[in-house]
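Notes for the one structure printed next.
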Amino acid sequence: MTVQDQANAAEPALPGRWRALQAAPGAGAQPLARRTRPTGPDTSGLGPPGGAAEGRRGGTHFGWWQIIRLGLVQACLGAVVVTTTSTLNRVMVVELALPALLPGALVALHYLVQMLRPRLGHGSDGGKPRTPWIVGGMAVLAAGGWLAALATVWMGSSPVAGIVLAVAAFMLIGLGVGAAGTSLLVLLAKRVAAPRRAAAATTVWLMMIVGFAVTAGISGKLLDPYSPGRLLAVSGGVCALALTLALLALWRLETGEAPAEDAPAAAKPAFRVALAEVWADREARRFTVFVFVSMLAYSAQDLILEPFAGMVHGQTPGQSTQLSGVQHGGVLLGMLMAAFAGRRLAGHATGSLRGWTVGGCIASAMAMAGLVAAGLIGPAWPLRGTVFVLGVANGAFSIAAIGSMMALASQGTPQREGVRMGLWGAAQAVAFGIGGLVGAVASDIARRLIASPGAAYAAVFAIEGLLFLVAAALAWKVAVPASRPTDQPALRAGSAMRGPPRTPSHDLETA
């Protein structure tokens, strides 16, 4: 989209003569500058002085209030997911004495269904508002969450029927997460100004974590003492409240702010054609592989870190749980570090999206090397400090990667943002779905082949460290452009008054 189209979208009712003055590269530019109230410096390198397209009310870019509203939607999404993947997991294994494989397979199923994210993203492409897709996804997610609780209760009396219903429910959960999550990320990528992307991603993800924590704490207290009826009531309440809050947060979010298209909208191609176009893009394809490899390494240690702490370092269940809290604290710090890296200190950016992504992956590999040493040396090694460093590195690279994802979503062929974001979301979901399983299986195999438990875990941690190094190499080759090819006409039209176009600097202020 050109800057001219953004200005037209901000004031759709302007008469034809005023639009003609806007379009004129020469004489028309000066009256526009006089009649537009300055709102701040241009941040894209493409807009007119004064930031008309961005600063005025109803413009293209979201402010912090809109970002927080989207973060509330993400928190609601997380509230439903944590109820199904954590609370129901415990009820199946403890209260119903079912094999732990059952909830594990159901969670893996909901990740598997999210392979449909590219198709769901394609459905939301075409220049129309993304809100209906987010609302529809949240409705499907809420329905799936309550049905999953009903299926869990049903398993107590009719295991086969309950399992069949649970399979259908977790498929709905995967569809809901895919539809709502993909469109929400695309909306962030399209409407958040470049300097705010990393901070906006951090805000949204932190609010999701808050949704996890608040829901787990409150629902845990309401479930005591446990009864099937209480489980249905609590789960239904969480799903209904999450859907209601999401609807309120999305109410009129996109009203009057949809950007105009660069050209008349062409007929949307078939999904296979759109997916082939996106996959043919070398940067999109390379970033997809990076997301899969990095998230595989990220998730592979989830299920083995606490058993490692107990078996090799002799920690109690309470101590190993606290160790997990130390890691999550590090993740939070890493996210905040990457989010604020876009602020300029002494006139210079404190990093780049690519630099923070690559550096975070390398630091994660070094932390995994520390865990290798912890396995070989034993309790004498500072395990808590190593796990904290791992969390910081993981948080930094993940937020920088999300910022890169948002910047890359609008590159290439227009109206393919949903397919691109869906492709990357599918890669992440598949990696998370198999990462924990691969880590657990690898540790079991290593312990059978290696007599020393510490050495066995060290071998698995070493493999994960190598995966992080591979991810760093992939991330280094991914360029995050500062502008789209479709912006070039605007650059040529405005070159007389704005000078030559900027070259991509890849810093967090412009990437």
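For the pair VAL160 and ALA473, label points projected 7 Å from Cα toward Cβ lie 5.2 nm apart. Here's how it looks for GLN315: its modeled amide H is under 5 Å from those of GLY310, which are all 5 or more places away or on a different chain.
Extending 7 Å from Cα along the Cβ direction at LEU437 and again at ILE218 yields two label points whose distance is 3.4 nm. Relative to the current alpha-carbon distance between ILE445 and VAL289, full extension at 0.36 nm per residue lengthens the span by 53.5 nm. Amide H contacts under 5 Å for PHE62: VAL192, ALA193, restricted to partners 5 or more places along the chain or on a different chain, H placed in the peptide plane at 1.01 Å from N. ARG384 contributes about 130 Å² of solvent-accessible surface, heavy atoms of the protein only, 1.4 Å probe. First measure r as the distance between the Cβ atoms of VAL167 and SER227, then evaluate 1/(1 + (r/R0)^6) with R0 = 22 Å and state the FRET efficiency to the nearest 0.05. Efficiency, from the Cβ-Cβ distance: 0.35.
Along segment 220-233 the Karplus relation, 6.51 cos²θ - 1.76 cosθ + 1.60 evaluated at θ = phi - 60°, assigns HN-Hα couplings of x, 5, 6, 7, 8, x, 5, 7, x, x, 5, 4, 5, 5 Hz to successive residues, with x for each Gly and Pro. Annotation for LEU96 and VAL273: the two label points, set 7 Å from Cα along the Cα-Cβ direction, are 4.6 nm apart.
Of TYR226, TYR457, TYR298, the residue with the largest accessible area leads and the full order is TYR226, TYR298, TYR457 (1.4 Å probe).
Taking every alpha-carbon pair under 8 Å whose residues sit at least 6 apart, segment 102-212 reaches a relative contact order of 35 percent. Taking a ≥ b ≥ c as the square roots of the Cα gyration tensor eigenvalues, with a/c under 1.5 meaning rounded and otherwise prolate when a/b beats b/c, else oblate, which class fits segment 129-228? Judged from the Cα gyration tensor, segment 129-228 comes out oblate (a/c at least 1.5, b/c at or above a/b). Averaged per residue, segment 371-449 has 33 square angstrom of accessible surface, using a 1.4 angstrom probe with ligands and nucleic acids left out.
Rounded to the nearest Å, what's the spacing between the alpha carbon centres of segment 355-391 and segment 202-249? Just the number, please. First find each Cα centre; the distance between them is then 33 Å. Look at where the Cα atoms of segment 267-316 and of segment 414-469 average out, and the two centres are 8 Å apart.
The values are calculated or read from the model by the stated rules, or taken from the named source; none is laboratory data. Here the structure is a predicted model, which is why all the values come from computation and not from measurement. Reconstructed Cβ throughout: ideal geometry from the backbone, glycine too, with neighbour counts over all protein chains shown. SASA here: full protein model, heavy atoms, side chains in, ligands and nucleic acids out. Shrake-Rupley method; radii C 1.70, N 1.55, O 1.52, S 1.80 Å.
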